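To keep things clear, I will list the structure first and then write my remarks on it.
We did not get these values from a lab; they are worked out from the coordinates using the rules stated. Note that the structure is predicted; figures quoted are calculated from it, not measured.
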Amino acid sequence: MSLLRFSQTFTYFGALVDEATFGLFKADVDCQFTQVQLTCQTAPAGAAVTVDLLIDSTAQNRIATLAIGAFDQVTTLDPALVVPTNSIVRAKIKSIGTGGNPGANLTMTLIGKFNSDNVNEIYPPTVSICKLYGYQYINGAPSEGTRVSVRLNDFPASQNPIIFQDSAKIVDTDETGYWSVDVVQNQSYLVTIQKSGILNKSITIPMQSTYAFPNSL
């Protein structure tokens, strides 16, 4: 048995509120989460941001942390959090920053694995691939180091008659502001761009070999 990687992203918009619940993921197959990445547009002050995971509304006490002043932090779940088929996973904020600076616009990315016996391998030979690319600028200048995440909106996805899954692709722009990832034609993806702001945009990939993502930040 081999395990294939995938990711799921939850987003909380606005100033963080203690005990708020956000995001929703239904496990279509047995899976497990091994890491949690928290990214915040406005970093917390005075205290760290912590987020727990819920399975079918039950707290798991698997706390992900974003330290005081941090914009990005990864927490490893050891052991991995096992999610049974048809279970619902949500996130719950357990602590926020203090002194009027709770943190704001939080993105939570869950990195997981599932049994490859449940779906076919990633990108079978008959699947049509498109290179999605873009250039990011800030104040007219190329933005180097902008984090770009691209993931399927639907899990698992299909390109009839093939069923497949796709891990989130996470890349950083180069010195020219350029980034690119390979995606599957005729599928819907969520593109998240993080720098001075956070942009979440859903797009459907056309049936062509390359596709330019519009400049946005």
> Amide H to amide H under 5 Å from S128: which residues, 5+ apart in sequence or cross-chain, H placed 1.01 Å off N in plane?
Replying inline: Q185
> How large is ³J(HN,Hα) for each residue in segment 58-65, as worked out from phi by the Karplus curve 6.51 cos²θ - 1.76 cosθ + 1.60 (θ = phi - 60°), to whole Hz, x for Gly and Pro?
Replying inline: 9, 4, 9, 6, 10, 8, 9, 10
> Per-residue HN-Hα couplings for segment 70-76, Karplus 6.51 cos²θ - 1.76 cosθ + 1.60 at θ = phi - 60°, whole Hz, x for Gly and Pro?
Replying inline: 8, 9, 8, 7, 10, 10, 8
> What is the gain in length, in nm to one decimal, between I63 and R5 on full extension, counting 0.36 nm per residue of separation less the C-alpha to C-alpha distance?
Replying inline: 18.8 nm
